[in-house]
Amino acid sequence: MEIVVKKPLLAVAAILLALTGLYPAHSETREQWIEIGARVHGAFGAFIPVGIRIGLDAKERLKADARGLSVTFYNGEKPPCPCVADGVMIATQASPGQGTLLISPEKAPPGMMAVVIIRNRKTGEGLKYTISDEWLPKILGWNKSGPADRFDAAMAAEGLFKSEPAP
């Protein structure tokens, strides 16, 4: 018995898969980022969307495939933990288990809340992201609002980070 599948049926199947989230090439919504961030980090504090924004920026600019980026994170002296790194990890799909996410024992330079080096694993091209300590009180202030507002604030904040080609 021969099964014939017509092209319109394949198109409908692809659309349904994309709408249900089972198709691998889709973008997460704000609510999905919040859910993923809370699940991975334990809560969706204001530092998580900062990392998501950096990771998404790097993924787009470095034109990387899923799991195609490596990340080295340098925490500043002031933040209590490298929470931003969890957001970067979520957005880039880099992870310590894959050996593609490293939290450096070295600290970020004075005056920096964090420095993140992200490289395309295939091309070697990289970007260096820096977040100034000046942002720390602003980001902590976002925690007074709900998760959706934290996400929106991080995505809209002008000058949140600087990026330049990685050395």
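Ranked from largest, the principal axis spans of the Cα set of region 46-167 equal 40, 30, 26 Å. Fraction of C-alpha pairs exceeding 17 angstrom in region 32-84: 44 percent, rounded to a whole number. Quick one: pull the percentage of alpha-carbon pairs in region 125-166 with a separation above 15 Å. So the pairs more than 15 Å apart make up 49 percent of the total in region 125-166. Given a cut-off of 31 Å, name the pairs among 78/144; 122/144; 78/122 whose C-alpha atoms lie farther apart than that in the structure shown. Table pairs above 31 Å Cα-Cα are 122/144; 78/122. For region 70-131, the percent of C-alpha pairs falling in each 5 Å distance bin, counted from 0 to the bin holding the largest distance, reads 4, 19, 32, 25, 14, 5, 1. Pairs of alpha carbons in region 105-144 separated by more than 17 Å make up 47% of all such pairs. Secondary structure note: in region 87-167, about 100% of the DSSP beta bridges are antiparallel.
Every number in this text was worked out from the coordinates using simple rules, so none of it is lab data. Computed from a predicted model, the values in this text were never measured in an experiment.
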